[in-house]
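Shown next, in structure tokens, is the structure this report addresses.
The values are calculated or read from the model by the stated rules, or taken from the named source; none is laboratory data. All values derive from a computational prediction rather than experimental measurement. Here the Cβ is made from the backbone with ideal geometry for all residues, glycine too, and neighbour counts use every protein chain on show. The area values use the complete protein model at the heavy-atom level, side chains included, leaving out ligands, DNA and RNA. Shrake-Rupley method; radii C 1.70, N 1.55, O 1.52, S 1.80 Å.
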Amino acid sequence: MKSAFPNISSIAYEGPQSKNPLAFKHYNPEEIVEGKTLREHLRFAVVYWHTFRGTGSDPFGAGTMQRPWDDGSNSVKNAQKRAQVAFEFIQKLGAPYYCWHDRDVAPEGKTLAESNKNFDAVAKVLKEEQKRTGVKLLWGTANLFSNPRFVHGASTSCNADVFAFAAAQVKKAMEVTHELGGEGYTFWGGREGYMTLLNTDMKREQEHLAKLLHLAVGYKKQIGFKGQFYIEPKPKEPTKHQYDSDAAACLNFLREYDLLPHFKLNIETNHATLAGHTMQHELETAGAAGALGSIDANTGDELLGWDTDQFPTNIYLTTYTMLSVLKYGGFTTGGVNFDAKVRRESFEPIDLFYAHIGGMDAFARGLKIAAAIRKDGRLAEFVKQRYASWDSGIGAKIESGKASLKEIEAYILKKGEVTPNTSGRQEFLENLINEFI
Ligand code: XLS
Ligand code: NI
Ligand code: NI
């Protein structure tokens, strides 16, 4: 096959002094941090949808992307050729993983049977390309939101036939994920939510969503798929409210429907901020529940209120992200998946390289800074000291459940007034973080 990026060779690590825009300045995949290589820590993944299917269209204008290898048709042949281009890109970039939706990789047919046939024909090429390049599938997912049939949602549609269609699509996407050795499978709500409560039976819709997830859990066992299931929280867009609105809502949903043992969360930065949270907040919420699985790495724009899915370059963001990831033991099945798209104005193929190189370098820096903060130990020690009153005496007794309300009352009556006379030291701690940035 003719190269799609003939003027670009493999992206190499050249170090922080390099001025080569097509080289890594901070991501040295072989470098060891906390006993693991950067490659093993970060497990970078390229997304098929934005990177190879993004057109650059927006609500006010048509697509702008120059993708000379793509003939613009919906043919299986074009999809197969595109897959080869995708793997040339991912291999040259040096990302070990990729992710897809069923409908990104293969064209949807007139019937589900035809769509499945198209999917198989492209999956065959994906499998060959994975073998040729060593690039692996981090996770697969089904697109249950683009086709007009999903106008009222997929599993939460008011129409049972739409549920059935969605379930069949999930079944097939799981089979292909399994066939391609995928390490996970993601459920993102898409249109699983509502535009108005006036027409919505919320309880019934949520039960249906849980039903689909239970069916998937059962089928996973049946086919012997060992990958991790993820739920990806997002509060809104395209709907006014999505049932998987943030990490806490997802955890509550999973607990309520006895699904928690089967799922972890895939946390996306721009979804966190749409929910009015920081990425760190969402990671801590997931991590504290033992459910931090993977991340969709991107960022929003402070001044724009929607899911702009920009590439992450902010070192504070990547530092705080990696502090939480390391705190909860690092990624196992998950990774840093760039669910991000180049701007409509960045329409040349080479911009895809600049975007991913920048994101990978930003995460490499964040990881190294986070590891240095952990090694230094002052931050962790401060937090530990802040809670020292819980390590002995009445605090330890309350924590271990050995103190009754009556005993606690007696203790404080004897003690008299209490002054929590330790400062929160926020500014001191912010300065401390800056020592490392
Ligand atoms: C959209 C979501 C989507 C999921 C996969 O906002 O981020 O891309 O990651 O369906
Ligand atoms: Ni995402
Ligand atoms: Ni998103």
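Key figures
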item: Relative packing of peptides 409-421, 322-334 - highest average C-beta neighbours within 10 Å first; result: 322-334, 409-421
item: Accessible surface, per residue, of segment 38-93 when the full set of protein chains is kept, probe 1.4 Å, Å²; result: 43 Å²
item: Of all accessible heavy-atom area on the chain, the percent that carbon and sulfur account for (1.4 Å); result: 54 percent
item: R0 of 35 Å, Cβ-Cβ distance L303-E409: FRET efficiency to nearest 0.05; result: 0.10
item: Cα-centred dipole magnitude for segment 64-155, charges only on beta-carbon of K, R (+1) and D, E (-1), debye, nearest 20; result: 160 debye
item: ³J(HN,Hα) computed for each position of segment 23-34 - Karplus, 6.51 cos²θ - 1.76 cosθ + 1.60, integer Hz, glycine/proline x; result: 9, 7, 9, 10, 8, 9, x, 8, 5, 9, 10, 6
item: Tensor-based shape of segment 53-99 (alpha-carbon gyration tensor, a/c under 1.5 rounded, otherwise prolate or oblate); result: oblate
item: Over 19 Å [Cα-Cα, segment 383-437], rounded percent; result: 47 percent
item: Backbone HN-Hα couplings from phi across segment 162-178 [Karplus 6.51/-1.76/1.60, Hz, Gly and Pro as x]; result: 5, 3, 4, 4, 4, 5, 5, 5, 5, 4, 5, 5, 5, 4, 5, 4, 4
item: Lysines whose Cα lies under 16 Å from that of K220, excluding same-chain neighbours fewer than 8 positions away; result: K171, K172, K211, K264
item: Average accessible surface area per residue within segment 281-437, 1.4 Å rolling probe, Å²; result: 55 Å²
item: Radius of gyration, Dmax [segment 1-50; alpha carbons; angstrom]; result: 13.7, 41
item: Kirkwood-Stokes translational diffusion coefficient of segment 17-106, alpha-carbon pairs, 37 °C, 0.692 mPa s, µm²/s; result: 214 µm²/s
item: Relative contact order (%) - segment 1-95, alpha-carbon pairs under 8 angstrom, separation at least six; result: 30 percent
item: Distance between segment 312-360 and segment 98-137 - C-alpha centres, whole angstrom; result: 24 Å
item: Distance-filtered residues of segment 363-377 - backbone nitrogen under 15 Å, label point 7 angstrom along L432 Cα→Cβ; result: 370-377
item: Kirkwood Rh in Å, taken over the chain so that all alpha-carbon pairs contribute; result: 23.4 Å
item: Residue-wise HN-Hα coupling along segment 248-261, computed from phi with Karplus coefficients 6.51, -1.76, 1.60 (Hz; x: Gly, Pro); result: 5, 5, 5, 4, 5, 4, 5, 5, 4, 9, 6, 10, 4, x
